[in-house]
Each structure stands twice: as structure tokens, then as C-alpha cells.
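Colleague: Have a look at this one.
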Amino acid sequence: MNGRVPNFNHETIACRKPHGSSSMGTIERTATAREELEVKEKNLNKSGDASHSKFPAKLRLPEYRRKVLRTLWLAGACWAMGLSTGIRGPSFLDIQIITQTTLESASAFLTASYVGNLLGAVFAGVIYDKLNKSCLLIMIVIGLSLTNIALPWCSPYGLMVTIHILCTLFSGAIDTACNAELLRIWGQEGRKSMQFMHFSFAFGGVLAPLITEPFLTSNPETDDATNRSEATAQNITLAGKHF
């Protein structure tokens, strides 16, 4: 042998006859390697079949259920972000009334919102890998809720600008963290989950004006026009009864 280990491939085993224990050991190692390759191929085939199986069948797998639950949690966070973003437009005039500012001065609230969104995205990108991701999202969502609750009570102009920056900072952080976390969970299989998460954001944006509308300040001109229309309808109804 001269201290050199021969390279026993399939051709070597087929051509040479076994000589003692060393040859038998080589054959056994080769057979074991073949069995391992067959097991790997079977596992690859099973994983390929599982990836194309139906959704209810996949839910039986604990790991897949965990991924689905985390996706629903991310979608809920995006829904809250959609609500927070959607109330900005309908409540803008009310915020202007609260702060007693002109339209030109109130435009700073929108600028503050975009600045806060940018800062939130950068902030989440920096600390995303340094903290527990679930705790980070929980803290961000709580911060978003508290700033939205405090926003109508911030009548001083400077305080209103500050609360807009803080509120949208949490929104930008949610946006960045949710997208990064979804890609970490699903990888290349997360296309449908990504669409569902962004649908949740859009759905929150659609619901926001409907939720905000009962709490907005009424417009006197609109109320007068509504009252005149109702009075005209009643007069027409009474006139029809006389005839």
C-alpha cells in the first residue's frame, strides 16, 4: 500500500476482488454511501411533493403551522399600520382646528410624517438583528398605538409636529421589520404571504376613513344643506298626502 489510501470508486470495486478485511471494509463503506444517497434522494422527492401539496395537509406539520401563525401576526401589525396611515387624510382638517393653524402651517404635519417614516425605516434596519424580533415588533406596535391615542390631545403646534414624527417613526419601523421578518420566515416560498401581508395593510387603510368619520368635526355648511334637503323632502311628502 506504501502508506497511500486507494480511491475506491464503483469501478475499483467492480474490477478488484476483495482481499481480506481492508477490501471488505471498503465495500461496506461504499454500500453505506450508496444507501445515504438513496435516502437523500427520497427526502428530496418527499419535500418536493410536500411543497406542492394542499394547504390543509401542510397545516398538519408543526413547523408550517408556526410559520402561518407568525405570518398572521405580521399581517395584523401591517393592518394596524394601515389604520394609522389611513386616518391622516380624513382627520387633517380636524388636526388643523385642534392646533389652530393655517393650511400653510399645517402642511408641516405632512412633512413631519414623511421624515418620521424615513427615520423609522432606518431605525428598524439598524436594530432588527440585535434584538428579539417578536419583542421588537410588540414594542413597535404598542408605541404606534400610544402615539395615535395621544395625537388628538397635542394642541400645541410643536408638540403636534413631534407626535407626527413619533407616530410615523413606528409605522416605518413596522413596515421594515415585517417585510424583513416575512422573508426570513418563508424565503423564496413567501410570495403569497407577502401579498397577504400587504393586502392587510391596504385593508386597514380602507377601513380607517370609515372608522374616523363619526369622530370628525361636522361642517356647518354641509349640515345646513342636509337640513334643507330633509325639509324639502318632508314638504313634498306632505303635499302629496294633501292631494
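Colleague: Among the residues that make up the stretch 152-170, is at least one of them part of a helix (DSSP H, G or I), under 15 Å from Leu72 (Cα atoms), out of contact with any strand residue (DSSP E or B) (no Cβ under 8 Å at 6 or more places or on another chain) and not basic (Lys, Arg)? It would help to see each step written out before you state the result.
Modeller: Step one: of the stretch 152-170, the residues part of a helix (DSSP H, G or I) are 152-153, 157-170.
Going one step further and asking which of them are under 15 Å from Leu72 (Cα atoms), we end up with none.
No: zero hits.
Colleague: Quick one: would you say Val126 is closer than 18 Å to Asn179 by Cβ, of a type outside the set (Ser, Thr, Tyr) and out of contact with any Lys or Arg (no Cβ under 7 Å at 6 or more places or on another chain)?
Modeller: Numbers: closer than 18 Å to Asn179 by Cβ: yes; of a type outside the set (Ser, Thr, Tyr): yes; out of contact with any Lys or Arg (no Cβ under 7 Å at 6 or more places or on another chain): yes.
Here the answer is yes, as Val126 does meet what is asked.
Colleague: I've got another one for you. Which of the helices (runs of 4 or more DSSP H) found entirely inside the stretch 1-120 contain at least 3 residues meeting this: open to solvent by less than 100 Å² (accessible area, probe 1.4 Å) and at pLDDT below 90? First the steps, then the outcome.
Modeller: On the way: elements: 10-15, 20-51, 55-58, 62-86, 92-99.
It comes to 10-15, 20-51, 55-58, 62-86.
The values are calculated or read from the model by the stated rules, or taken from the named source; none is laboratory data. This is a predicted model, so every value here is computed, not measured. All Cβ positions, even for glycine, are placed from backbone atoms using ideal geometry, and neighbour counts span all protein chains on display. Heavy atoms of the whole protein, side chains included, go into the accessibility calculation; ligands, DNA and RNA do not. Shrake-Rupley method; radii C 1.70, N 1.55, O 1.52, S 1.80 Å.
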